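Quick notes on the structure that follows.
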There are 2 protein chains.
Amino acid sequence: MATDAPTAINLAEKLASFAEHWSPKIVGTFNGHDIMVVKVKGEFVWHSHPDTDDFFLVLDGRLTIQTEHGDVELGPGELFVVPQGVQHRPVAAEEAHILLIEPHGTPNTGDPATAVAKPRI
Amino acid sequence: MATDAPTAINLAEKLASFAEHWSPKIVGTFNGHDIMVVKVKGEFVWHSHPDTDDFFLVLDGRLTIQTEHGDVELGPGELFVVPQGVQHRPVAAEEAHILLIEPHGTPNTGDPATAVAKPRI
């Protein structure tokens, strides 16, 4: 098989390859966006993204996305897009696994100074 | 609850609301893209999208994406992005349920003349 043969991206396998929370890993790219998986538990920080919407799809567990307009409760197979500029905070009582899509280079906290690096796995 | 309160998008509920194959339904929007669910069975047509990558995430069932560079086999929780301009044909022996993301207005066949409308559900 050629090294550039097209290959499926198995999200469960990608998620099994790391343990840390709130540290998105890039698993693919799409139209200038990073496709990422992340494990979350506890409370993130309130933040917004001035230049982009923020895509969340829950793969496993439960996630609350608190927003300035109200809270959204998500379980497996449920998604929510936080509109550009809307203040939000993801919260998970227990570990949850999430698929994220954001433009390449988007800081996860909305602020480059406090953002974590996003390695490709 | 205000009518514009943020609400989760439940993909299984959306998929349960229609039966036809190869007819993507818009369930949300993200950075100028449509987020869609589609039921597929059988063979689609060979096509490419000259201006966009093409995002496929299998939610249920199995999908083969034949491409000019080789075939990709996808099961639940597996995704593949067909790069811009690459000829491809989705094929499913049995019904499969897929999450698609494409720029708003992208014809599903790559050709406006043969594309189906994409209603919002």
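Read-outs: derived from the displayed coordinates by stated rules, not from any lab. Just so it is clear, the model here is predicted, and its values are computed rather than measured. Glycine gets a Cβ as well: all are built from the backbone with ideal geometry, and neighbour counts include every protein chain shown.
Values for this structure:
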item: Shortest-first distances to equivalent copies, position B:ALA12, nm, label 7 Å out along Cβ; result: 1.5
item: Nonlocal amide H pairs with B:VAL116, under 5 Å, H built at 1.01 Å; result: B:ASN108, B:THR109
item: Calculated from backbone phi, Karplus (6.51, -1.76, 1.60) coupling profile of region B:93-110 in Hz, x at Gly/Pro; result: 5, 10, 4, 10, 10, 10, 9, 10, 9, 8, x, 3, x, 5, x, 5, 8, x
item: Dipole of region B:1-117 [Lys/Arg +1, Asp/Glu -1 at C-beta], most positive-end residue of B:PRO83, B:VAL45, B:SER17; result: B:SER17
item: Cβ-placed point charges (K, R +1; D, E -1), dipole of chain B about Cα centre in debye, nearest 20; result: 320 debye
item: Förster radius 51 Å - calculated FRET efficiency between B:ALA113 and A:GLU13, Cβ distance, rounded to 0.05; result: 0.80
item: Nm distances between copies for A:ASP71, ranked from closest, using label points 7 Å along Cα→Cβ; result: 4.8
item: Theoretical ellipticity at 222 nm over the protein assembly as shown - DSSP helices of four or more residues, -39500 (n - 2.57) apiece, nearest 500; result: -1000 deg cm²/dmol
item: Counted charge near B:VAL45, where neighbours are those whose Cβ lies closer than 12 Å (Asp, Glu -1; Lys, Arg +1); result: -1
item: Cut-off 12 Å between beta-carbons: net charge of the residues surrounding A:LEU63, Lys and Arg +1, Asp and Glu -1; result: -3
item: Cα-Cα separations in region B:21-103 greater than 21 Å, expressed as whole percent; result: 20 percent
item: Distant-in-sequence amide H partners of B:HIS33 (H built 1.01 Å from N, under 5 Å); result: B:HIS104
item: Copy-to-copy label separations for A:VAL86, where each label sits 7 Å from Cα toward Cβ, in nm and ascending; result: 3.3
